[in-house]
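The values are calculated or read from the model by the stated rules, or taken from the named source; none is laboratory data. Just so it is clear, the structure is predicted and the values come from calculations on it, not from any experiment. Cβ coordinates were reconstructed from backbone atoms using ideal geometry, including for glycine residues, and neighbour counts include every protein chain displayed. Just the protein is used for accessible areas: all its heavy atoms, side chains included, with ligands, DNA and RNA removed. Shrake-Rupley method; radii C 1.70, N 1.55, O 1.52, S 1.80 Å.
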Amino acid sequence: MPLVVDGKAKAVAHGELRAIGFWMIVKDASPIRPVRVFVSYEALAQLDPFDIRDLASAFEHFERFRARIEAAASDKFDRAGPDAEKYEGMPTIRLTTNDPI
């Protein structure tokens, strides 16, 4: 099942993972099934030749390409399911430079 945007989802930095994380939910799931999505700073940097020099520019990149990131997360979830690792007990998807965004 595809993932959809949780309207309340706010992106936050995860320095230890070198990633930005946000929540999505499994479409039409009842009860609601949240999935934590992480996009690595390196994957963000590949979306545009602009150099991500700091956290503020990483968030700018994230917001600029958010629709593509969300679509890539949904595609990966449909194709491969959640990652083996969990975040706060919830399923996760991690987008890296190996994933098409």
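Each residue of region 10-25 in turn: what ³J(HN,Hα) in whole Hz from Karplus with 6.51, -1.76, 1.60 and θ = phi - 60°, glycine and Pro shown as x?
10, 7, 9, 7, 10, x, 5, 9, 6, 8, 9, x, 7, 9, 10, 10
Kindly report the accessible area of the chain per residue (heavy atoms of protein chains, probe 1.4 Å, no ligands, DNA or RNA), in Å².
Working: 5820 Å² over 101 residues.
Accessible area per residue, the chain: 58 Å².
Dividing the Cα radius of gyration by the Kirkwood radius, what Rg/Rh value follows for region 1-65?
Values: Rg = 13.1 Å, Rh = 12.7 Å.
Dividing the radius of gyration by the Kirkwood radius yields 1.04.
As I understand it, the value is the acute angle between the Cα axis of helix 55-64 and the longest principal axis of the Cα atoms of the chain; what does it come to in degrees, rounded to 10?
Between the helix axis and the principal axis of the chain, the angle is about 60 degrees.
Viscosity 0.890 mPa s, temperature 25 °C: give me the Stokes-Einstein translational D for region 33-101 in µm²/s, with Rh taken as the Kirkwood radius over C-alpha pairs. Numbers along the way, then the final one.
On the way: Rh = 12.5 Å.
It diffuses with D of about 197 µm²/s by this estimate.
Give, rounded to the nearest 20 debye, the magnitude of the charge dipole that the chain has about its Cα centre when Lys and Arg contribute +1 at Cβ and Asp and Glu contribute -1 at Cβ.
That gives a dipole near 240 debye.
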